[in-house]
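One structure is given here, and the rest of the page talks about it.
The values are calculated or read from the model by the stated rules, or taken from the named source; none is laboratory data. If you're wondering where the values come from, they're calculated on a predicted model, not measured in any experiment. Cβ coordinates were reconstructed from backbone atoms using ideal geometry, including for glycine residues, and neighbour counts include every protein chain displayed.
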Amino acid sequence: MNKTENLFNLVPQPVSIKASDAYFIFQPQMAVFCPDEFQGEVAVFNEQLEASTPFKCRRTENKAEASIIIELTGGSCGSENVNAEAYKLTIGESVVTISAKTAHGVFNALETLRQILMCCKTPNKGSPFAHYSMQCAEIEDCPRFEWRGFMLDCARTFFPVSFIKKLIDAAALHKLNHFHWHLTDDQGWRIPVAEYPKLIEIGSVAPDPRHQLRDYTPKKDAFYTHEQMKDVISYAAARHIMVVPEIEMPGHASAILASYPELGCTGGPYAVEGRWGIFDDVLCAGNDDVLKLLEATVKTVAEIFPAPFIHIGGDECPHVRWETCPKCQARIKAEKLDGVDQLQSWITSKMAAVVAKYGKTPIGWDEVLDGTENIALPQDLVVMSWRGAKGGIEASKRHHRVIMAPTDGGCYLDYPHLSDPAEPGLQSVTTVRKSYDYSPLPDALSEEEKLNILGGQGNLWSELLSSQKLAEYMLFPRLCALSEALWLDKKDKDFDSFSERLKVHKERLDMLNLLYYRGPLEE
Ligand code: ACM
Ligand code: ZN
């Protein structure tokens, strides 16, 4: 890439930047002329500017005094582009013009402008007549993938709303558009369900092995009220980020079983887990009361979350208890199933139908495909491929939509940045380069099958995270790299260019008080 293309050091890099030699000179107080329907986007933009730059913006009715003009005219990005998120940002000598087809396109343009303004230096710093300048340019841009996400595990480590909002705002800076909120697991249940109060009274209170050497009292109130969740959802929506909740089932269920031991195959006793791992005690697939609890939860989630999707987990569910449980065996017989593998598919189908009953579309980890070669899963079930690309390939060949998040593709952000034992994290290694190089489109798919791939996401599991700062360190700058891997077409990506831009982009992470890894980007 040449110098012009690296202008402004943007991440993700826009599809096209054309620069001129002229400069736009402006004052820190900017007037924005825009249709009423974009006042929300402008208000968020102003909030973001005030938080980390010397700039402010306010709306004006007077076009002649505007330094930013927003028009709903249809951004272009290639001739026949119909991408709703596309935008055009023109920095002229006297005004900055944004044109887009949708509010999301306008927001993307404003986030590009936010990045530019965050690194905008005053030429006469300290002067009371300070004015600022940016190089004139024309940016035409649109994303390659419609699903550009990040997942935060708030079950293993309970993160406060303030931190979640901080990450959502950082995600918006990188034009990510989905936040996958992992709300339940062995180590904690984080969402109140009115009919099942013990899920919170017992299931949200976990021993924490990291603190066992100290005088440690398990954390109480480690859950999100419905009001708090709605607050997160509207904060994210204002940034054009969809919040997709995940309720784990039928495995990773220790918090449910500790709360309602009668829902396990053996009856317990069970405890909310302090250890991490995969545990044999899972929900009893032969017990109708399990389905009732899950339905009450899905109903609650559907009422709180406006997203069209509910993630129903499905990963890492051992079947050993089902093998010897009379209820599970009776279910296998009654439903004429082949065995315990099909029992899991039966639960998946059952819960997918419940999700549909409440007007939503189910997402499941790729285990939902196991043992289902001859079983019709609901066609709208979206598969999240994490054990490599294999599940995603199979799912898209079977006409399911797919979100890619493979462990070996740079999408697992709980892995260490390097194989250096000094780095935090466990299991494999995800270098920044690996995240950058990731492409969600496997070569094994035909062009038609590739259309089923919605995009991808970075996952941050939190078994080993002892603090918000450590979470940030694991996320950044790998999430920056992934944001570009999901924004650009493979042919337009350039790691050397990204590495150069990242040097400046880190200043933006600093301005947002985000801790990030500073070591080598590859090994
Ligand atoms: C997973 O990482 N168990 C989905
Ligand atoms: Zn059972």
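List every residue pair whose Cβ atoms lie under 9 Å apart, where the two residues are 6 or more positions apart in sequence or sit on different chains, the first residue falls within region 180-197 and is under 20 Å from LYS230 (Cβ atoms) and of a type in the set (S, T, N, Q), and the second residue, located anywhere, is modelled with pLDDT of 95 or more and outside any loop (DSSP other than H, G, I, E, B).
THR184/LEU199; THR184/GLU246; THR184/ALA255; THR184/ILE256; THR184/THR297
Being loosely packed, with under 15 Cβ neighbours inside 10 Å and away from ligand 1 (no atom under 16 Å from the Cβ) is the filter here; which residues of region 313-326 pass it?
Filtering region 313-326 down to residues loosely packed, with under 15 Cβ neighbours inside 10 Å leaves 318, 320, 323-324, 326.
Across region 313-326, the qualifying residues are VAL320, GLU323, THR324, PRO326.
Can you tell me how many residues in region 371-386 are of a type outside the set (S, T, N, Q) and more than 18 Å from the chain's Cα centre (by Cα)? Break it down into steps so the answer makes sense when it comes.
From region 371-386, those of a type outside the set (S, T, N, Q) are 371, 373, 375-378, 380-384, 386; that's our starting set.
In the following step, the residues that additionally are more than 18 Å from the chain's Cα centre (by Cα) were identified as 371, 373, 375-378, 380-381.
Within region 371-386, residues that are of a type outside the set (S, T, N, Q) and more than 18 Å from the chain's Cα centre (by Cα) number 8.
If a residue has to be closer than 23 Å to SER385 by Cβ and either of a type in the set (D, E, K, R) or away from ligand 2 (no atom under 16 Å from the Cβ) (or both) to count, how many in region 278-297 make the cut? So that I can check it myself, show each step before the final result.
Our first condition is that a residue be closer than 23 Å to SER385 by Cβ; within region 278-297, this holds for 278, 282.
Checking the rest, the ones that are also either of a type in the set (D, E, K, R) or away from ligand 2 (no atom under 16 Å from the Cβ) (or both) come to 278.
Final tally of qualifying residues: 1.
So, of the residues in region 399-409 that are outside any helix (DSSP H, G or I) and within 14 Å of ligand 1 (Cβ to nearest atom), which turns out to be surrounded by the fewest Cβ atoms within 10 Å (Cβ to Cβ)? Steps first, please.
Step one: of region 399-409, the residues outside any helix (DSSP H, G or I) are 399-406.
This time we only want the ones that are within 14 Å of ligand 1 (Cβ to nearest atom), so: 403-406.
On the way: ILE403: 27, MET404: 30, ALA405: 28, PRO406: 23.
Within region 399-409, the match that is surrounded by the fewest Cβ atoms within 10 Å (Cβ to Cβ) is PRO406.
In region 329-353, what residues are under 24 Å from the mean Cα position of the chain (by Cα) and more than 16 Å from ligand 1 (Cβ to nearest atom)?
Within region 329-353, MET351, ALA352 qualify.
What residue, among those in region 387-398 that are within 18 Å of CYS411 (Cα to Cα) and either modelled with pLDDT under 95 or buried (at least 24 other Cβ atoms within 10 Å of the Cβ) (or both), is nearest to ligand 1 (Cβ to nearest atom)?
We begin by selecting, within region 387-398, every residue within 18 Å of CYS411 (Cα to Cα); these are 387-393.
Next cut, either modelled with pLDDT under 95 or buried (at least 24 other Cβ atoms within 10 Å of the Cβ) (or both) only: 389, 391-392.
On the way: ALA389: 14, GLY391: 10, GLY392: 13 Å.
So, considering only residues that are within 18 Å of CYS411 (Cα to Cα) and either modelled with pLDDT under 95 or buried (at least 24 other Cβ atoms within 10 Å of the Cβ) (or both), the one nearest to ligand 1 (Cβ to nearest atom) is GLY391.
Given the options LEU479, LEU488, LEU465, name the one that is in contact with a strand residue (DSSP E or B) (Cβ under 6 Å, 6 or more places away or on another chain) and surrounded by 17 or more Cβ atoms within 10 Å (Cβ to Cβ). First the steps, then the outcome.
Working: LEU488 fails: in contact with a strand residue (DSSP E or B) (Cβ under 6 Å, 6 or more places away or on another chain); LEU465 fails: in contact with a strand residue (DSSP E or B) (Cβ under 6 Å, 6 or more places away or on another chain).
Only one candidate qualifies: LEU479.
So, in region 234-284, exactly how many residues are of a type in the set (Ser, Thr, Tyr), more than 16 Å from ligand 1 (Cβ to nearest atom) and touching a residue at least 60 places away in the same chain (Cβ under 8 Å)?
Initially, region 234-284 is screened for residues of a type in the set (Ser, Thr, Tyr), giving 234-235, 254, 259-260, 266, 270.
From the residues that got through so far, the ones that are more than 16 Å from ligand 1 (Cβ to nearest atom) too are 234-235, 259-260, 266, 270.
Then keep just the ones that are touching a residue at least 60 places away in the same chain (Cβ under 8 Å); that gives 235, 259-260.
Within region 234-284, residues that are of a type in the set (Ser, Thr, Tyr), more than 16 Å from ligand 1 (Cβ to nearest atom) and touching a residue at least 60 places away in the same chain (Cβ under 8 Å) number 3.
For residues in region 420-430 being in contact with a Leu (Cβ under 9 Å, 6 or more places away or on another chain) and either crowded, with 22+ Cβ neighbours inside 10 Å or of a type in the set (Gly, Ala, Ser) (or both), which is modelled with the highest pLDDT? Even if it seems obvious, please write down each step before you answer.
Let us first name the residues in region 420-430 that are in contact with a Leu (Cβ under 9 Å, 6 or more places away or on another chain), namely 424-426, 429-430.
If we keep only those that are either crowded, with 22+ Cβ neighbours inside 10 Å or of a type in the set (Gly, Ala, Ser) (or both) too, we end up with 425, 430.
Working: GLY425: 95, THR430: 98.
My answer is THR430.
Please go through region 355-381 and give me each residue that is touching a strand residue (DSSP E or B) at 6+ places or on another chain (Cβ under 9 Å) and within 14 Å of ligand 1 (Cβ to nearest atom), ordered by number.
ILE363, GLY364, TRP365, ASP366, VAL368, LEU369
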